[in-house]
Amino acid sequence: MTDIHWDDAFCSEGANCFRFGLDEEGRAYIGSTADASVHVSDSVEALRALISAVKSGAADHLL
């Protein structure tokens, strides 16, 4: 089992909370606060690209 070091949760409106974490091997994680076993994991660079794309509007069609 991977030991993930989670940051404090980031919450937007209501109970929409997510958290970011790193493991000892340098992999990055985005997880839900509703279920600790549910998360997305990839390299720091890949998750940085994902966050940048979302911030630029690439996922706006999903809203």
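The values are calculated or read from the model by the stated rules, or taken from the named source; none is laboratory data. Not measured: the values here are computed from a predicted model. With ideal geometry, Cβ positions are generated from the backbone for all residues, glycine too; neighbour counts draw on all protein chains shown.
If the condition is being at pLDDT below 90 and more than 17 Å from L50 (Cα to Cα), then segment 10-26 contributes C11, S12, E13, G14, A15, N16, C17.
Checking each residue in segment 8-20 for being within 10 Å of the chain's Cα centre (by Cα) and more than 12 Å from A34 (Cβ to Cβ) picks out F10, F20.
Flag set for A36, criterion: in a loop (DSSP other than H, G, I, E, B), surrounded by 11 or more Cβ atoms within 10 Å (Cβ to Cβ) and aliphatic (A, V, I, L, M). For segment 17-33, the set of residues classified as surrounded by 15 or more Cβ atoms within 10 Å (Cβ to Cβ) and among the small types (G, A, S) consists of G21, A28, G31, S32, listed by residue number. The condition of being closer than 14 Å to H5 by Cα, of a type in the set (A, V, I, L, M, F, W, C) and over 9 Å from the mean Cα position of the chain (by Cα) holds for only one of A36, A58, A49, that being A36.
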